[in-house]
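Note sheet for the following structure.
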Amino acid sequence: MERNPLIRQLEPADRDAFFQLRLRGLLAHPESFGQSHQEALERGPGHYDAILQGARAADGDFVLGAFAAAGEPLIGMVTLLRAQREKERHKAAVNGMYVAQEAAGRGAGRALLVELLARAERVEGLRQIQLVVNSRNEAASHLYESLGFRRYGREVGGLCVDGVFYDADLMALFI
């Protein structure tokens, strides 16, 4: 990517592109997502309608998309989901981070996370951003660390994909 990607909040009109990119990510990197490709297909794209409406974006629930330029296809995405229980409302989780292979290593992932963190800082009462990353995914771990996330634990055998167990690093950033 020769120029900075366009980052914007996804909306209902982006649902099909979002869902197709999510399916690509689930197929390409099943060890990086808690949801399987089959589970996503069974739930269907309508499962994401509520968050794509954006009604809770100011409260900390939103999906961001990366585009090489205006009018270009979606090349990356990330979701922030705020904890709903009263005692945990100071926390939110990064979910579904994925950049298409053809755009990987060109700044889209960093741009998505920089925008996510900027928006998170404006959410009243939000103090902590958490995420889970496959312990073997060094590129993602380095990106998260470069933005201030720190590992605070490891879930041994956190995911099982086709009989293979993967450890998951737990990371957090305090804002």
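The values are calculated or read from the model by the stated rules, or taken from the named source; none is laboratory data. Please read these numbers as outputs of a predicted model, since none were measured by experiment. For neighbour counting, all protein chains shown are included, and Cβ atoms are generated from backbone atoms with ideal geometry for every residue, glycine included.
The residue pairs whose first member lies in the range 36-57 and is surrounded by 14 or more Cβ atoms within 10 Å (Cβ to Cβ), whose second member is of a type in the set (Asp, Glu), and whose beta carbons are closer than 7 Å, counting only pairs six or more residues apart or on different chains, are PRO45/ASP16; ILE51/ASP61; LEU52/GLU11; LEU52/ASP14; GLY54/GLU11.
Take the residues in the range 1-35 that are basic (Lys, Arg) and under 16 Å from the mean Cα position of the chain (by Cα), then tell me which one is surrounded by the most Cβ atoms within 10 Å (Cβ to Cβ).
Residues of the range 1-35 basic (Lys, Arg): 3, 8, 15, 22, 24.
Cutting the leftovers down to under 16 Å from the mean Cα position of the chain (by Cα) gives us 8, 15, 22, 24.
Working: ARG8: 13, ARG15: 17, ARG22: 22, ARG24: 14.
The selected residue is ARG22.
Is one or more of the residues making up the range 120-127 in contact with a helix residue (DSSP H, G or I) (Cβ under 8 Å, 6 or more places away or on another chain) and over 21 Å from ARG89 (Cβ atoms)? Taking every residue of the range 120-127 in turn, none turns out to be in contact with a helix residue (DSSP H, G or I) (Cβ under 8 Å, 6 or more places away or on another chain) and over 21 Å from ARG89 (Cβ atoms). Starting from residues that are under 28 Å from GLU145 (Cα atoms) and at pLDDT below 95, keep the ones in the range 53-83 and report whichever is farthest from the chain's Cα centre (by Cα). Checked the range 53-83; the qualifying residue farthest from the chain's Cα centre (by Cα) is ALA69. The range 84-175 holds strands (runs of 3 or more DSSP E) entirely within its bounds, and those carrying 1 or more residues that are surrounded by 16 or more Cβ atoms within 10 Å (Cβ to Cβ) and within 12 Å of the chain's Cα centre (by Cα) map to 91-99, 128-134.
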